[in-house]
Every structure is written in C-alpha cells, then in structure tokens.
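Working notes for the structure below.
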Amino acid sequence: MSVHYTLNLRVFWPLVTGLCTALVCLYHVLWGSGGARAEPPDGTDGGFPLLKVAVLLLLGYILLRCRHAVRQRFLPGSPRLGSHSTFSPGNFPEPSLGILLESYYEHELRLSPHVLGHSKAHVSRIVGELVRAGRARGSPGPIPGGALALAFRGDFIQVGSAYEQHKIRRPDGFDVLVPLRLPPLVALEPRSLGAEPALAPAFHGCFVCALKAPPGASGSHWLRDCKPFADGFCVDVLGRRHLSAPLVLRWFQAHLQRSLATVRYSLEGRCRVSLTPGGLEQPPTLHILPCRTDYGCCRLSMAVRLIPAVHLGDGAFLVAPPPSPVGPLSQLPGGLRTDALWGVNTARQEQKLLGWVQERAPPGACYLKCLQLLKALRDLGARGLDPAATAQWGRILSSYMLKTVLLAVLLREGAPAQGWDEAHLCERLEELVQFLRDCLLRRQTLFHCVLGPGGAAAEVGPLPKVLREAAPVDLLAAFDRQARELAASRLLSTWRRLPQLLRVYGGPRYLDRCPPPRSQQAQGFPEDQP
C-alpha cells in the first residue's frame with residue numbers, strides 16, 4: 001500500500017535547532033584554537049558569545065512552535081475540508097471540526113513511516129530467528145520426536161493493523177501467526193459451529209477440529225499408531241478425538257521458551273528479549289527491549305503476540321485460543337467442550353480485500369485514515385468509564401469490528417468513489433459512524449466480511465471449503481439489546497462532543513503522559529481479529 005510522507009514539525013524544528021547549535025559550537029572551537037589573536041584595545045573578546053547564540057536559537061524555536069500551534073487552532077477554513085455536517089446535532093462549523101481532526105491525526109494518531117518500517121523489520125528478524133530455532137529443536141512435549149511430533153512449520157505470518165497501514169499512536173504492538181506442522185499420520189476434519197441451533201451466539205464464530213485418518217491409512221492401525229498424539233494433544237467430544245487448543249497452546253509456550261534459550265545469546269548485542277506466557281486463555285507475548293549498546297535511530301520497546309496456527313488451506317488458519325466467549329459456558333450444547341474450540345484467522349483474505357479496494361480507489365483516498373480516526377473516536381469515548389464498562393465498550397467497538405464496518409461500507413459501494421478523497425474526510429467519517437449506529441440499533445447485525453456464502457469470496461480469491469460453507473457469522477450476536485443500545489448512545493454522544501474532546505485531549509503533551517488503554521482491544525485476542 002502507498003505511504004504518504006509529510007513534514008513532521010515535532011522532529012524537524014528540534015533537528016534544525018540541534019544542527020545550528022552544533023555548527024555554532026564547531027565554529028567556537030575552531031575559532032578558539034586558531035592561534036594567537038590580537039585583542040581589541042579595550043581588552044574585550046571579539047568573538048560572538050556562544051550563550052547568546054544558544055538563547056537566540058531557543059527563542060526562535062519557541063516562537064515557531066507557538067506560531068504552529070496558533071495556526072492549527074485558529075486557522076480559518078481550508079480547501080481540503082468538506083461541507084457542513086448535518087449528522088451532528090451540535091451544529092459546530094465543519095471547518096473547525098476538520099482542522100481539529102487533521103491536527104489530532106498528525107499529533108496523536110499518525111505513525112512515522114520510517115519508525116514503523118524499522119520496527120516491523122526488527123520484529124521480523126527476531127521472530128524469524130526464534131521460529132527457525134524452534135523448527136530445528138523439534139518437539140519437547142509429550143511426544144519428544146518422530147513421526148507423531150508437533151513442530152513449527154518454519155515460517156511466520158505477520159497480521160494486524162501494523163501490516164495493513166491503519167495502526168495508530170505507537171508501533172509497539174504486533175501480532176504474528178506461527179503455523180504448526182502436524183504429523184504425517186494425522187489429518188484434520190474442521191467444522192464450523194455457526195449453524196448449531198442449540199449454541200449460544202457467542203460461539204458461532206468458533207470451530208472444532210476432529211482427527212481423521214489420512215487417505216490410504218487403515219482405520220484400526222491408524223487409531224493405534226496415532227494414540228500417543230491423541231493422548232497428548234486431543235480431547236474426547238461425542239466419542240471422537242478433537243484437537244485441543246489449550247493443550248496445543250501449552251506445548252507451544254513451552255517450545256517457545258526452549259527456543260528462546262537457544263537464540264538469547266546471539267541476540268544480546270542487538271536487544272533483550274523475554275517471553276511472557278499467556279496461560280490457557282491468551283497467546284504468549286515476546287517482549288523486545290532495546291539494548292544499551294544499541295544506538296539505532298528507533299530504540300523502541302515492542303510486544304509481539306505469537307499465536308499458534310493450524311493451516312486450513314488458501315491462507316486461512318485455525319488459531320488458539322479462540323475469542324473469549326461473552327455468553328455463559330453453560331449455554332454449550334451437551335457433549336461439546338470449551339477446550340475443543342478454535343478461532344479462525346482470515347487476515348490474509350482481509351489483506352487481499354484491502355488491496356483489491358486500493359487498486360480501485362482514486363489516488364489519495366482517505367478510507368484508511370477514516371478507520372484510524374474511527375479508532376480514535378472509540379478511544380475518546382472510553383474516557384471516564386469504569387473498568388467493566390470500558391471492557392464492554394472495547395469488545396463491542398473492537399478494532400476488528402471497526403475494520404469490518406469500513407469494509408462493509410466500501411463493498412456496499414463497490415469501491416471507493418470520488419467521495420472518499422481528503423476533501424470529504426469529515427463526511428466519510430460521519431458515514432461510518434452512522435452505519436455503525438444503524439448496525440447497533442436498526443439492523444442489529446454486522447456480518448463477518450469473509451466467512452459464509454455472503455462473504456467477499458470473489459474479491460479475496462479461493463477459500464477453504466469449510467469457510468465457504470460456514471454459516472454467516474454475526475459479530476454483534478453475542479451482545480444483548482441493552483448492551484448494543486448503550487454502545488450506540490455512547491457513540492452518538494462522543495460524536496456530538498468530538499470537537500470539545502479533541503481540544504481537551506489533543507496535542508503532543510497529552511500523548512506523552514496518557515498512553516492508549518490496551519483493554520480496548522478485541523476481547524484479549526489479537527487487535528484485528530474477531
């Protein structure tokens with residue numbers, strides 16, 4: 001995807017000030033060591049005092065910063081801004097909202113392409129070494145090796161907003177899928193639970209994965225031969241052995257710890273790494289801290305969630321653990337166990353879908369910028385809520401929900417038309433808010449953009465049969481009517497108060513002292529997953 005570079009004044013002016021100061025210091029040193037000089041008759045030093053130069057540069061920097069802040073806040077209308085909005089009852093002038101959105105985006109949401117690219121490259125190198133070491137070590141679990149050992153496939157898949165060009169605030173969190181290689185004697189039979197009539201809506205997006213004999217294998221001999229694998233990684237569901245996400249996750253975390261011990265020494269000169277296990281409900285997190293001897297330009301501390309994945313085909317994966325259920329576990333039908341549930345990851349298809357939209361979008365289309373501002377609106381709406389309400393707000397308006405809203409609006413129109421240029425940024429953001437409100441109140445549905453017969457299969461290419469034939473997954477079905485109404489009311493209230501919120505919480509000083517809450521990500525699952 002194309003990246004638009006703009007001048008970052010927060011970096012430019014301090015850089016100019018530092019460069020000028022260095023030149024003055026160099027001149028002062030060279031002038032002072034140039035040999036004996038004839039002193040003036042009055043005995044004073046003929047050189048320009050260094051202190052005065054530094055004070056003048058500091059005053060110039062302060063004046064330029066104040067001028068930039070005044071222009072951002074009080075500049076009148078701009079030709080980039082759209083017409084007056086009719087959706088907000090606040091009746092605030094559209095140019096004022098547009099200027100505030102642009103300023104907030106530049107100061108708090110926009111990521112430096114250089115820093116983001118450097119961070120992604122650093123993550124790719126570290127995770128690549130770790131995965132290669134894990135593949136070379138073999139399995140340390142209940143089956144130490146041989147034909148029935150679970151192992152790393154040797155590659156990794158980078159997913160999430162950082163790789164789709166709509167991450168906001170800081171490039172310090174990444175999601176990486178680590179595909180697993182199953183033993184040759186083991187084949188899987190995945191099945192969607194979306195069509196189960198007795199199943200609570202919270203579990204409609206989950207899958208179960210039964211073991212079956214590969215083609216050409218004898219049934220009785222296969223059951224005997226694969227018994228060690230089934231005992232180590234499977235649970236019994238209605239008389240059949242099913243692959244267990246918690247058991248695979250436990251093996252995955254132990255294998256990562258041993259692999260990290262192998263590569264830790266070779267990484268000491270570049271960074272410090274540690275692994276935080278997530279237990280049976282969260283994937284493990286790899287923490288990458290800059291080394292003291294690292295004098296690189298982007299010394300950032302990063303957290304990388306490593307997610308075990310089982311390949312279904314055509315770039316789709318089953319992932320462990322599944323999304324945290326919203327409904328009570330008692331709503332599971334008889335015989336079905338929670339430790340047999342898997343989530344599904346279609347990040348590759350969604351990346352292709354965004355690429356398909358970009359190919360048909362006019363140059364300078366602002367649909368990704370609207371998604372970033374919609375996330376910021378979600379974060380601003382969480383201010384002042386208690387922890388329980390914040391968690392509920394973050395689940396309903398998760399990053400994956402907001403991305404699905406954007407894709408639904410774009411696919412409804414076929415592709416971004418001329419109305420998605422920068423001049424109509426406020427109108428398009430208003431359209432997304434209005435569509436989300438209608439999903440929460442009127443339609444009361446928001447379907448997965450890939451799964452099921454109504455998904456965007458024609459735009460994303462081939463899909464595994466189990467995903468094509470899966471029942472449509474409503475991402476809002478897990479929330480009751482009261483929760484949806486409260487979320488819609490909060491969303492409209494935040495939109496009406498948006499100019500005031502942007503003035504209060506905008507600016508680089510606020511960004512430094514109040515990082516975004518991590519609890520607003522999707523149900524403790526990867527940021528851009530359902």
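So which of Lys120/Lys403; Lys120/Lys375; Lys227/Lys465; Lys212/Lys375; Lys369/Lys465; Lys120/Lys369 end up more than 32 Å apart, counting from Cα to Cα?
Numbers: Lys120/Lys403 21 Å; Lys120/Lys375 21 Å; Lys227/Lys465 28 Å; Lys212/Lys375 43 Å; Lys369/Lys465 34 Å; Lys120/Lys369 20 Å.
Violating the 32 Å Cα-Cα cut-off are Lys212/Lys375; Lys369/Lys465.
Rounded if a/c is under 1.5, else prolate if a/b is larger than b/c, else oblate: which is the stretch 183-274, with a ≥ b ≥ c the root eigenvalues of its Cα gyration tensor? Intermediate values should be presented prior to the final figure.
On the way: a/c = 3.20, a/b = 1.54, b/c = 2.08.
It is oblate, given that a/c is not under 1.5 and a/b is not larger than b/c.
Quickly rank 307-314, 428-435 as a protection proxy: mean count of other C-beta atoms within 10 Å, highest first.
Values: 307-314: 21.6, 428-435: 19.8.
By packing density, highest mean first, the sequence is 307-314, 428-435.
Note down the magnitude of the dipole of the stretch 215-289 about its Cα centre, charges +1 on Lys and Arg C-beta and -1 on Asp and Glu C-beta and zero elsewhere, to the nearest 20 debye.
Values: 9 positive and 5 negative charges, 30 e Å.
I would put it at about 140 debye.
Amide H of Arg181: which non-local residues (sequence gap of 5 or more, or other chain) have their own amide H closer than 5 Å, using H built in the peptide plane?
Amide H neighbours of Arg181: Ala151, Phe152, Arg153.
Quick check on packing: order 246-257, 460-471, 114-125 by the mean number of other C-beta atoms within 10 Å, highest mean leading. Numbers along the way, then the final one.
Numbers: 246-257: 20.3, 460-471: 18.0, 114-125: 16.5.
Most protected by this proxy first, the peptides run 246-257, 460-471, 114-125.
When a/c is below 1.5 the answer is rounded, else prolate if a/b is larger than b/c, else oblate, so apply that to the stretch 142-209 with a ≥ b ≥ c taken from the square roots of the Cα gyration tensor eigenvalues.
Values: a/c = 3.19, a/b = 1.14, b/c = 2.81.
Note, shape of the stretch 142-209 comes out oblate.
Between Ser124 and Arg191, what is the spin-label point distance in nm, taking each point 7 Å from the Cα along the Cα→C-beta axis?
Taking the two extended label points, one gets 4.1 nm.
Tell me, what is the Rg over Rh of the stretch 334-434, with Rh the Kirkwood radius over Cα pairs? Show your work: numbers first, answer last.
Values: Rg = 16.7 Å, Rh = 15.5 Å.
Expressed as Rg/Rh, it is 1.08.
Values quoted throughout were computed directly from the atomic coordinates according to the rules given, and no laboratory measurement underlies them. These numbers were taken from a predicted model, which means no experiment stands behind them. In this analysis, Cβ positions are derived from the backbone assuming ideal geometry, glycine residues included, and neighbour counts consider all displayed protein chains.
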